[in-house]
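Trainee: I have a structure I would like to understand better, so I am pasting it below and will then ask my questions one at a time.
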Amino acid sequence: MTENTQDKCCILVVEDDDSARRALTEKLNGLGHQVQAASARDDANAQSDSTFDLMISDLVDSNSGSDGQIIRAFKLSVISPQVRAATVALHEIVEATLRFRLRCVDATKQPFHEKIDIELPSDLSLMNTVLEFLLDRVDKIGLVKTEQSNLFVALDEAFVNAVKHGNRSDPTKLVRVTAELSPHEAIFTVEDEGDGFDVCEIPDPRDPTNLFKSSGRGVLLIYNIMDEVEYSQRGTRLRMVKRPEPPAVAGG
C-alpha cells in the first residue's frame, strides 16, 4: 500500500489477452497508479493479495462451456481496507476500467453466459458508474430494453438501499454487485455488509395501499419492476431477475 492512498493505488490486472492487458496497464499507469500484470490466475495467485489495493481480472477472457456456450467472467474488487476509506482515487480507476472493458468486449451473437463481479466501497458515485456500465451491457446484448423496462430504477433503488440503509454510507464496508447475463434472463445480486433487517417487515407489494407509504417505496418499486425478487434471511443480500418481454401475439 502506498503512503498517499488518495493519489496512488497498487493494482493487479489479470488478463490472458496480451493486447488488452498491456492497454489497460498503460492506461492505469498513465493515471499515476502502480500496476502489476499477470496473464493467468495461477500467476496472480502466486502474488500476495495483501500487496494490492485493487484487483481487475478477465477483461475479455472467454471460454466454451460444456454446452458450447461462450462463458465470460469479469471481476473488479477492492482489496485494501485503507483504500475503502479513501475513495477519491477509485473514481477514475473504476470509470477507466469499465469504459475500457465496454470497448473490449465484442458484440458476438453466439449464445453466451456472462458473469460480472464488482466489489466497491459504499459510495453512491461509484455505484452510479457501475449502474451505467451494467445498463450499457444489457443494452448491447439486447436482452432487455432498459428504458422501457425501468431496469435503471430497480437497480438504482437496490444500490441506494445497500449503501445508505445497509452499510450506512460507511466507505470501509463493501457493496458486492453480481450480474449474470444470458440470452434468457439477467440476474442481479446486491449484497451489503450491514446489520440487515427483518425481511418479514417489507410491505406486501401486491397491496395497492402500500404504494402511498413513504417507507419501503424503493423495495415496492423493485418488486413491481423485476420478475423475481428474493431477500436473504438477514436482508443483506438481494437477488433480482429480469427477463425479456414475451413477443406480442398478433391479433386474430
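Trainee: Kindly check whether there is at least one residue in region 147-159 that is part of a helix (DSSP H, G or I) and in contact with a Gly (Cβ under 6 Å, 6 or more places away or on another chain). Even if it seems obvious, please write down each step before you answer.
Mentor: Within region 147-159, the first condition is being part of a helix (DSSP H, G or I), and the residues that meet it are 147-149, 151-159.
So of that shortlist, the ones also in contact with a Gly (Cβ under 6 Å, 6 or more places away or on another chain) come out as 157.
Yes: region 147-159 contains one or more residues that are part of a helix (DSSP H, G or I) and in contact with a Gly (Cβ under 6 Å, 6 or more places away or on another chain).
Trainee: With respect to I118, determine if the residue is touching a strand residue (DSSP E or B) at 6+ places or on another chain (Cβ under 8 Å), closer than 20 Å to L12 by Cβ and outside the structural domain of I11 (by TED's automatic domain parsing). Before you say what the answer is, go through the steps one by one.
Mentor: Values: touching a strand residue (DSSP E or B) at 6+ places or on another chain (Cβ under 8 Å): yes; closer than 20 Å to L12 by Cβ: yes; outside the structural domain of I11 (by TED's automatic domain parsing): yes.
Yes, satisfied.
Trainee: In addition: Here is a check on your reading of the model: is V163 at pLDDT 95 or above and assigned to a helix (DSSP H, G or I)? Talk me through it step by step, then tell me what you get.
Mentor: Details: at pLDDT 95 or above: yes; assigned to a helix (DSSP H, G or I): yes.
Against the criterion (at pLDDT 95 or above and assigned to a helix (DSSP H, G or I)), V163 qualifies.
Trainee: Given A86, A96, A46, which one is outside the structural domain of N161 (by TED's automatic domain parsing), modelled with pLDDT under 85 and closer than 24 Å to V160 by Cα?
Mentor: Working: A96 fails: modelled with pLDDT under 85; A46 fails: closer than 24 Å to V160 by Cα.
Result of the check over A86, A96, A46: A86.
Trainee: Separate question: Taking region 159-177, which residues are within 14 Å of the chain's Cα centre (by Cα), free of Cβ contacts under 8 Å to residues at least 60 places away in the same chain and closer than 21 Å to S80 by Cα?
Mentor: Going through region 159-177, the residues within 14 Å of the chain's Cα centre (by Cα) turn out to be 159-160, 162-163, 174-177.
Narrowing the set further to residues that are free of Cβ contacts under 8 Å to residues at least 60 places away in the same chain leaves 159-160, 163, 175-176.
Scanning region 159-177 gives V163, V175, R176.
Trainee: Something else: Scan L59, L12, L28 and give me the residue that is buried (at least 18 other Cβ atoms within 10 Å of the Cβ), of a type outside the set (D, E, K, R), part of a loop (DSSP other than H, G, I, E, B) and modelled with pLDDT of 65 or more. Walk me through it before giving the result.
Mentor: Values: L12 fails: part of a loop (DSSP other than H, G, I, E, B); L28 fails: part of a loop (DSSP other than H, G, I, E, B).
The conditions single out L59.
Trainee: Which members of region 191-204 meet the condition of being modelled with pLDDT under 90 and closer than 15 Å to E157 by Cα? Working first, answer last.
Mentor: Start the filter on region 191-204 by keeping residues that are modelled with pLDDT under 90, which leaves 197-204.
I202, the sole residue that qualifies.
Trainee: Let me ask you something else. Could you tell me which of the residues D139, D156, D123 is out of contact with any Phe, Trp or Tyr (no Cβ under 8 Å at 6 or more places or on another chain), without any contact (Cβ under 8 Å) to a residue 40 or more places away in the chain and closer than 27 Å to G235 by Cα? Full working, then the answer.
Mentor: Working: D139 fails: closer than 27 Å to G235 by Cα; D123 fails: without any contact (Cβ under 8 Å) to a residue 40 or more places away in the chain.
Just a single option satisfies the conditions, and that option is D156.
The values are calculated or read from the model by the stated rules, or taken from the named source; none is laboratory data. Owing to the predicted nature of the structure, the values given are computational and were not obtained by experimental measurement. In this analysis, Cβ positions are derived from the backbone assuming ideal geometry, glycine residues included, and neighbour counts consider all displayed protein chains.
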